[in-house]
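Asks: Attaching a single structure in structure tokens format; questions to follow.
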Amino acid sequence: MTRPLVLIDERLPVAAALLAPHAALRPFPGRALGGNLAGLAEAEALVVRNTARVDEEAFAAAPRLKVVASR
């Protein structure tokens, strides 16, 4: 079984450590979510800090997205 792809803010190392056994993680610079829209196309989850803007453009680029978590 393949692990779900999770895009995660690179400044959340504790969350990454907790998720690593269960998911394929792709870290990104937190405030640069807009520059990572191509990565969202494959992601099933998104873990961001409260400084990241998750807007309509991000959701439109993420057809497989099932959950967004914010710290």
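Asks: Could you work out [θ]222 nm for the chain from helices alone, using -39500 (n - 2.57) per DSSP H run of at least four and dividing by all its residues? Round to the nearest 500 deg cm²/dmol.
Replies: Helices in the chain give a 222 nm mean residue ellipticity of -4500 deg cm²/dmol.
Asks: While we're on this one: Put +1 on the Cβ of each Lys and Arg and -1 on the Cβ of each Asp and Glu in the chain; which of 54, 21, 32 then has its Cα farthest toward the positive end of the dipole?
Replies: Final value for the positive-end residue is 21.
Asks: So what are the chain's ellipsoid semi-axes, whole angstrom, largest first, if each one is the square root of 5 times an eigenvalue of the alpha-carbon gyration tensor?
Replies: Values: eigenvalues 59, 44, 17 Å².
Those come to 17, 15, 9 Å.
Asks: So, one more: Relative contact order for the chain using alpha-carbon pairs under 8 Å, separation at least 6, rounded to a whole percent?
Replies: 33 percent
Asks: Right, next: Express the relative contact order of the stretch 1-40 as a whole percentage, based on alpha carbon pairs under 8 Å and six or more residues apart in sequence.
Replies: Normalised by residue count, the contact order of the stretch 1-40 is 47 percent.
Asks: Using +1 on the beta carbon of Lys and Arg, -1 on that of Asp and Glu, and nothing else charged, what's the dipole of the chain about the Cα centre, debye to 20?
Replies: Values: 9 positive and 7 negative charges, 45 e Å.
Using Cβ point charges on Lys, Arg, Asp and Glu, the chain gives about 220 debye.
Asks: Right, next: Under 14 Å from the Cβ of residue 64, count the other residues' Cβ atoms, weight Lys and Arg +1, Asp and Glu -1, and hand me the total.
Replies: Numbers: positive: 3, 26, 66; negative: 42, 44.
After counting each charged neighbour, the total is +1.
Any read-out appearing in this document is the output of simple, stated calculations on the displayed coordinates, not a laboratory observation. Predicted, not measured: the structure shown is a model, and the values here were computed from it. All Cβ positions, even for glycine, are placed from backbone atoms using ideal geometry, and neighbour counts span all protein chains on display.
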